[in-house]
Each structure stands twice: as structure tokens, then as C-alpha cells.
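Report on the structure given below.
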Amino acid sequence: MIQRREFDQNLNELRELLQKMGEHVEHALVESVAALKSLDSKRAKDIIDRDRELNQMEEQVMEIGSRLIVTQQPVAKDLRRILVAFRISSDLERMGDLAIDIAKVTLRLEGQTLIKPLVDIPKLAELVVAMIQESLQSYLDENTDLAYKMAKDDDEVDHLYSQTITDLYKIIIDHPESLHQAMSLTLVGRYIERIADHATNIGESAVYLVTGHRPDLNH
């Protein structure tokens, strides 16, 4: 009985770590886009400096999960809980890296003036932050309906991303001198869109946890 209680405590610790990782990623995405919007290099550097915190949390997840597998030899859903924690922590770490990539774009554009006020990119980030929240909540609550609902939000992200890229290409055509900055901004759109893909992966992991089958929520 004591052994099971300790096992459940460790599983809960994994859940709490993943929740903290998710909050870190949300903050990093919001801050990186805010830094880009104002071309605030100090703000961008602060985001980059905090990246090690996310990496440390991922390492903790791997350490706790690996120890549970070796010492407890879990089966069925208990094993899925650990494997899902590994998968989600990997997705969150990659999302954090993409937020850092956005911050690095801000550093590359330091000293420039934006070719246009940023509207679509912050809106895109707002949609993706909501997807991150929903995907993690679907995992924490083991709510497959929320996972499928979150995946549908990805269609809106894809639509806005396509619109953003089209608008930037038009600017390049009309103002060729803006090529470097416009291409940098298209990269930012791509980074945010990829974060949405990882959020969808988390939704898939939530469904796998509950059902034992991993769906393809990207289609």
C-alpha cells in the first residue's frame, strides 16, 4: 500500500512538472512576441537566459519516469502515464526552443524599424497560447473531448498563418528593400505554427493516455 502511495506521489510530481513546463512555454511565447513587437532586445535576452529552467524540468521528468520504470516495472495505464509524460515533456521543450528562436529574431532585427505594425503575429501567438493551455488541460483532466476540440483550433492557426505569410510576401514585392526583415518575420510565423503542431501532439498524447491508441489530430 505504501509502495502504491509513493508511486502515485511520483506520478503526481510528473504532472506538476509538466504543468510548470507548460506555464513556462506560454510565458516564453507571449514574452518573445511582445519583445518582437517592440523590438526590445533586453526582453528577448531575458527569455533566452531562462531557457535552462525548462531544460532542467525536462531532465527531472526523465529522471523520475526512468526511476519508476526501473524500480516499479509498471504495466498498462501506469506505464502509459510515464511514457506520455516523456512525450509531452519533449514536446514542451521543443516549444520552448521555438519561443527562443523568436527571441533570437528580435536580436537580429535590433536597431531596425518594423516594416509594419505587428498585428497578425501576436494574434497567431494568442491562438497558440490557448491551444497550449487546452492541450495540457486535456492531459491533466484526461479529457479527450477537449483534445479533439483543441485540434480543431489548429485549423484557425493554419489559416491565419497562411494569411500572414501572404501579406509579408506582398510587402516584399512592393518593397524589395524589406526582404531581410520580411523573411525573418515569416520565420516567426512558422515557429508559432510549429508550436501549435506540438500542442496538437500533446492532445494526441492525452487521447493515447485514456484510450491506449494514438490518433492523428493533424488531419
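The values are calculated or read from the model by the stated rules, or taken from the named source; none is laboratory data. Given the structure is predicted, the values throughout are model-derived calculations rather than measurements. Here the Cβ positions follow ideal geometry from the backbone for every residue, glycine too, while neighbour counts run over all protein chains shown. When the accessible area is computed, the model is the full protein with side chains, heavy atoms only, and any ligands, DNA or RNA have been set aside. Shrake-Rupley method; radii C 1.70, N 1.55, O 1.52, S 1.80 Å.
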Problem set entry | Cα-based shape type of the range 1-55, given that a ≥ b ≥ c are square roots of the gyration tensor eigenvalues and the cut on a/c is 1.5 | prolate
Seminar exercise, completed: Note to self: with every protein chain in place and a 1.4 Å probe, the chain gives an accessible area per residue in Å² of 50 Å²
Problem set entry | the chain - percent of accessible surface contributed by carbon and sulfur, probe 1.4 Å | 50 percent
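What does the highest-first list of 197-204, 37-44 look like by mean Cβ count within 10 Å?
Per-residue mean Cβ counts within 10 Å order the peptides as 197-204, 37-44.
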Seminar exercise, completed: Between the Cα axis of helix 120-140 and the main Cα principal axis of the chain, the angle (0 to 90°, nearest 10) is 0 degrees
For this session: Work out the FRET efficiency for His175 and Glu110 from their Cβ-Cβ distance, taking R0 = 22 Å, and round it to the nearest 0.05.
Result: 0.60
For this session: Grab the Cα-Cα distance for Met62 and His159, subtract it from 0.36 nm times how many residues apart they are, and report the gain in nm with one decimal.
Result: 31.4 nm
Seminar exercise, completed: Taking a ≥ b ≥ c as the square roots of the Cα gyration tensor eigenvalues, with a/c under 1.5 meaning rounded and otherwise prolate when a/b beats b/c or oblate if not, the range 121-164 comes out oblate
Exercise. For the chain, what does -39500 (n - 2.57) per DSSP helix run (n ≥ 4), summed and divided by total residues, give at 222 nm, in deg cm²/dmol to the nearest 500?
Worked result: -30500 deg cm²/dmol
Seminar exercise, completed: Full extension between Glu53 and Arg4 adds, at 0.36 nm per residue less the Cα distance, a length in nm of 14.6 nm
